[in-house]
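Notes follow once the structure below has been shown.
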Amino acid sequence: MQEPDLPLLDEAALAELAASVGGDMAFVTELVEAYLGDAPAQVAQIHAGADAGDAASVVRPAHTLKSSSATVGAQRLAATARRLELASRNEELPGAIDALEGLDAEWQATEAALRAWMAGTTG
Amino acid sequence: MSTGIALVVDDSRVNRLVLARQLEALGLDVLEAENGIEALERLRAHPTEIDVVLLDVLMPELDGYQTLEAMKADEAIRHIPVIVVSAVEELESVVRCIELGATDYLPKPIDPAILRARINASLAAKRMHDLEQEYLDRQTALTRTIQRQKEELGRFLSPQISALISSSEGEALLSGHRRQITAVFCDLRGFTTFAEQAEPEELFGVLGAYHRLIGEAIVEHEGTLEHFAGDGVMTFFNDPVVQPDHVERAVRMALAVRERFQPLTADWRKRGYELGLGIGIAVGYATLGRIGFEGRYDYGAIGNVVIMASRLSSAAGPNQVLLTQRGVAMVEGLFEMEDVGELNLKGMTRPVPAHNVVGAAAHEPAVDGLRDDRAVADHV
């Protein structure tokens, strides 16, 4: 992990998001569900591109994962995705091999944290 | 109430949801697109409805740059403001987007206050553009209406008056001037009786044929039609277009009208109407210009010459073309005439000497300007 200090899930970011939509928790939940539904495909695309040695095809899914992870407060995954985006953009993916290797586990931890958060908010 | 329509273009559903939600909170209706291709489809389907585009840069299919380029190349959608949504660390791509024609940029994560400010600025710019466009459209429509009305008007006016309206000296001529003219007045003998007895369809049929005939002759001889009043038609020459040969033109027109009138009389006689044509021609000074009131103006001639032509026309027997003494002198040798003596005309204090124009001279002068007096002498 390159960013061990970052929280897996920044609940303050989620609270901010909720505040920005007038405290509509149903909407935030819907958003998190959308994120949980879409992120696995982005993770898979990153792996596929890296395995094929096609750095250019990693840039976009990494970028999307970075930005949507940041939105739902998944800070650690957002930082990893950002590293992957920059590395693939600069054709330096081999230098970010640890990020690639840790991606799946980080995604699973993020998913678990978000599901636990939702279970907590929806009661 | 919707304050506008925004198109959110982002391949991330999460980002689209957040942005759409925030835009809706600002009172906007939101359309979404997952990539540039979809965005262009939506824009082209609603070129006038979409007020602002929020564009992500990194997308599959067609990215933000290509989308901007395609928008700017399309006349119908190039004016729609584009706000690039981008992380602060991607400032370089923002610069490129602005060079490609983006209006503004919105840093991620999105701050609602900044979003509101950017959206309001873009909507204001769009409204300004729309107003400008509306103004231009209205101008174009107005110009088209004026052009059409001018053409319509042309059908009511003689070609000379119609051209005068569009000319630079038009205003000066319309405001009034004095000039020598030849006035020609045509009317029908027996028309009042006919008008009282005939059915409206017949009346208008006869009038229509008569007016058509005179109208064609006026255009051919480049006369200025002053007005139609039932069977009375007043025309003059030498104004607004100057015609050195105005008397000759007037007489030739009168002869053409009389000649073409004969087949009509024959036809009418078969149907039981006895109608004859009387023409009076006078030469003299008149005041010419715009006469009337706002909404109904005529280009008219005022002066004794006009009254004289009208009175001569009334005095003329069927198929007579009566010309005043001054007119006779100005076309000497060109036409065969007979002296009809001095006429006592209604409203005239003194008797008026006049000639009846029988027709064109048997042989017209061979050299211009040289008039052969003997030609007249031979035929009188």
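Select from segment A:11-40 the residues that are away from every other protein chain (no Cβ under 11 Å) and in contact (Cβ under 8 Å) with a residue 24 or more places away in the chain and write down the one among them that is nearest to A:Ala70 (Cα to Cα).
Taking the candidates together, the pick is A:Leu14.
Determine whether B:Ser175 is modelled with pLDDT under 85, more than 23 Å from B:Ile279 (Cα to Cα) and touching a strand residue (DSSP E or B) at 6+ places or on another chain (Cβ under 7 Å). I'd like the intermediate steps shown before the answer.
Numbers: modelled with pLDDT under 85: yes; more than 23 Å from B:Ile279 (Cα to Cα): yes; touching a strand residue (DSSP E or B) at 6+ places or on another chain (Cβ under 7 Å): yes.
Against the criterion (modelled with pLDDT under 85, more than 23 Å from B:Ile279 (Cα to Cα) and touching a strand residue (DSSP E or B) at 6+ places or on another chain (Cβ under 7 Å)), B:Ser175 qualifies.
Kindly provide the set of residues from segment B:50-65 that are surrounded by fewer than 19 Cβ atoms within 10 Å (Cβ to Cβ) and either on the phi > 0 side of the Ramachandran plot or at pLDDT 90 or above (or both), ordered by number.
Within segment B:50-65, B:Glu61 is the sole residue that qualifies.
So which residues in segment B:255-276 are touching a helix residue (DSSP H, G or I) at 6+ places or on another chain (Cβ under 8 Å) and assigned to a helix (DSSP H, G or I), if there are any at all?
If the condition is that a residue be touching a helix residue (DSSP H, G or I) at 6+ places or on another chain (Cβ under 8 Å) and assigned to a helix (DSSP H, G or I), then B:Ala256, B:Val257, B:Arg260, B:Phe261, B:Leu264, B:Trp268 are the ones that fit.
Residues of segment B:277-326 being assigned to a strand (DSSP E or B), surrounded by fewer than 16 Cβ atoms within 10 Å (Cβ to Cβ) and touching a residue at least 60 places away in the same chain (Cβ under 8 Å), which ones?
B:Tyr285, B:Thr287, B:Arg290, B:Asp298
I need a count of the residues in segment A:52-76 that are away from chain B (no Cβ under 11 Å), surrounded by fewer than 24 Cβ atoms within 10 Å (Cβ to Cβ) and of a type outside the set (D, E, K, R).
Selection size over segment A:52-76: 5.
Pairs, please: C-beta under 7 Å, at least 6 apart or cross-chain, first residue over 15 Å from A:Gln42 (Cα atoms) and in segment A:53-75, second of a type in the set (Gly, Ala, Ser)?
Short answer, once both residue conditions are applied: A:Gly73/A:Ala13.
Identify, from the list B:Arg212, B:Arg249, B:Arg178, the residue that is of a type in the set (Lys, Arg) and in a strand (DSSP E or B). Break it down stepwise before answering.
Numbers: B:Arg212 fails: in a strand (DSSP E or B); B:Arg249 fails: in a strand (DSSP E or B).
Every option except B:Arg178 fails the conditions.
Select from segment B:88-124 the residues that are within 19 Å of B:Ile77 (Cα to Cα) and surrounded by fewer than 17 Cβ atoms within 10 Å (Cβ to Cβ) and list them in ascending order.
B:Ile98, B:Glu99, B:Gly101, B:Ala121, B:Ala124
Just checking, which of B:Phe194, B:Phe204, B:Phe185 is modelled with pLDDT of 85 or more, touching a Phe, Trp or Tyr at 6+ places or on another chain (Cβ under 6 Å) and of a type in the set (Phe, Trp, Tyr)?
B:Phe194
Output the residue which, of all residues in segment A:77-87 that are within 12 Å of another protein chain (Cβ to nearest Cβ) and buried (at least 24 other Cβ atoms within 10 Å of the Cβ), is modelled with the lowest pLDDT.
Only one residue tops the list, namely A:Glu85.
Report yes if some residue within segment B:155-162 is among the β-branched types (Val, Ile, Thr), surrounded by fewer than 17 Cβ atoms within 10 Å (Cβ to Cβ), more than 30 Å from B:Gln22 (Cα to Cα) and at pLDDT below 85; otherwise report no.
No, segment B:155-162 contains no residue that is among the β-branched types (Val, Ile, Thr), surrounded by fewer than 17 Cβ atoms within 10 Å (Cβ to Cβ), more than 30 Å from B:Gln22 (Cα to Cα) and at pLDDT below 85.
Being basic (Lys, Arg) and touching a strand residue (DSSP E or B) at 6+ places or on another chain (Cβ under 9 Å) is the filter; apply it to segment B:14-58 and report the residue that is nearest to the other protein chains (Cβ to nearest Cβ).
Here the residue is B:Arg21.
Just one of B:Val233, B:Val247 is under 19 Å from B:Gly359 (Cβ atoms) and crowded, with 23+ Cβ neighbours inside 10 Å; which is it?
Result: B:Val247 is the single residue among B:Val233, B:Val247 that is under 19 Å from B:Gly359 (Cβ atoms) and crowded, with 23+ Cβ neighbours inside 10 Å.
So, in segment A:49-89, exactly how many residues are more than 26 Å from A:Ala13 (Cα to Cα) and outside any helix (DSSP H, G or I)?
Within segment A:49-89, residues that are more than 26 Å from A:Ala13 (Cα to Cα) and outside any helix (DSSP H, G or I) number 4.
For B:Glu92, are the conditions met, namely being modelled with pLDDT under 85, part of a helix (DSSP H, G or I), within 21 Å of A:Arg60 (Cα to Cα) and out of contact with any helix residue (DSSP H, G or I) (no Cβ under 9 Å at 6 or more places or on another chain)?
Yes; evaluated as a whole, the condition is true for this residue.
The values are calculated or read from the model by the stated rules, or taken from the named source; none is laboratory data. Bear in mind that the values here come from a model prediction, so they are computed numbers and not experimental data. Here Cβ is always computed from backbone atoms with ideal geometry, including for glycine, and neighbour counts include all displayed protein chains.
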